[in-house]
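Below is one structure, written out as structure tokens, with a few remarks after it.
What follows draws every value from the coordinates through simple rules; no lab data is involved. No experiment lies behind these values; they were computed from the predicted model shown. A quick note on method: Cβ atoms are made from the backbone with ideal geometry, for glycine too, and the neighbour counts reach across all protein chains shown.
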Amino acid sequence: MEDFKICPVTKYYQMILLPVTYSVVFLLGLGLNGALLWSVCCQTRRWSSTVIYLINLAVADLLYVLALPPLIISNAMGGLWPFGNIICKAVRFFFFVNLHCSMMFLTCVSVHRFIGVCFPIAAVRLRTRKLALFASGSVWVLATAEILPTLVFAHTGVINNMTVCFEMTNPQQFKVYFPYGLFLAIVGFLIPFLVIVTCYCTMMKVLYCRAVDSISTARTARMRKKSVCTLLVVCLMFVICFVPYHIARTVYLFVRVYMPGDCHLLNVAMICFKVLKPAVSFNCCANPLLYFWGSDSHRRKLRTCLWIRKTRVQPSLCLVDAGSTHRSGG
């Protein structure tokens, strides 16, 4: 392998921040998405289109966190990659495939909710299980096709006498990688971001206008207010998790290609990019939390489970309560 000599970069954050945050994401993401899959798959009698999207989103998030252990070990060792070239390619491939799948399924969920809120009559025809299955399959195929070039660009190499796994590509290929990196930023982030923000902002406007214009009961008004708050939280969570990371990644790519000799600027861009990487990972933990938090029945189930554990009552009661929580349709 060729030994690349590049600008010295600061790594003091790499051996502490990234392993710790990735470990937290791994434990939380594994537990929460596993609980979500168990709750949906085992407790749902009839799978609706909503459930299909949720299952696919949870699977994408779960596969994403399962790719983290090698990265945790490598970062804890200061960037040393002891697992070989094949594992390097596989980890980078699955890492980005499931990240893009998660983005796309969040887009599907937002469009799904948008149709239900803004076009309730058309929703009967459009929000079907058959269409949800087709959309879900298309997401996996498209995301895999988008990330396939990663198998060519990502590989191991030697930098300053240390074997590393290049996250994007080696320093000599950044000019070749740059158009592909921009393509991923536009197709994998910018377009889904605009769709999601547009859908949620429109839904919040529609729900707010209905609450103001219509004569409704106090309960209906509370439900609409809660729906608006939930949509706002989801939208803000998406912005916080994804926007800083993709901006920092694009700036880092630009600096790598057009100003590689400015070591100070390169260090700043790299540190910002690396420090913001865990933020996008925490979205895998936020999705299940928002799912459970957004439903009164799921909160009651969680409280019941916790109360049963506290009082040491037979856990079968929790399963009985959970069985009545998934009667979703469309």
Check your understanding: Do the alpha carbons of any pairs in Lys89/Lys274; Lys175/Lys277; Lys225/Lys277 sit beyond 30 Å of each other, and which pairs?
Key -> Lys225/Lys277
Revision key, fill the gap. Stretched fully, the stretch from Leu126 through Val20 gains (0.36 nm per residue minus C-alpha distance, one decimal, in nm) 33.8 nm
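Sorting check: for 172-179, 57-64, which peptide has the highest mean count of neighbouring beta carbons within 10 Å, and how do the rest follow?
Values: 172-179: 14.8, 57-64: 23.6.
Top to bottom by mean Cβ count within 10 Å: 57-64, 172-179.
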Review point. Once amide H atoms are placed 1.01 Å from N in the peptide plane, what residues at a sequence separation of 5 or more from His155, or on another chain, have their amide H within under 5 Å of its amide H?
Key: Phe166
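Relative contact order for region 1-157 using alpha-carbon pairs under 8 Å, separation at least 6, rounded to a whole percent?
Working: 143 pairs, mean separation 50.5, N = 157.
Computed value for region 1-157: 32 percent relative contact order.
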Point to revise | For Thr163, residues with placed amide H under 5 Å, excluding near neighbours | key: Trp81
Revision key, fill the gap. Sorted largest first, the Cα spans of region 9-157 on the principal axes come out in Å as 57, 31, 26
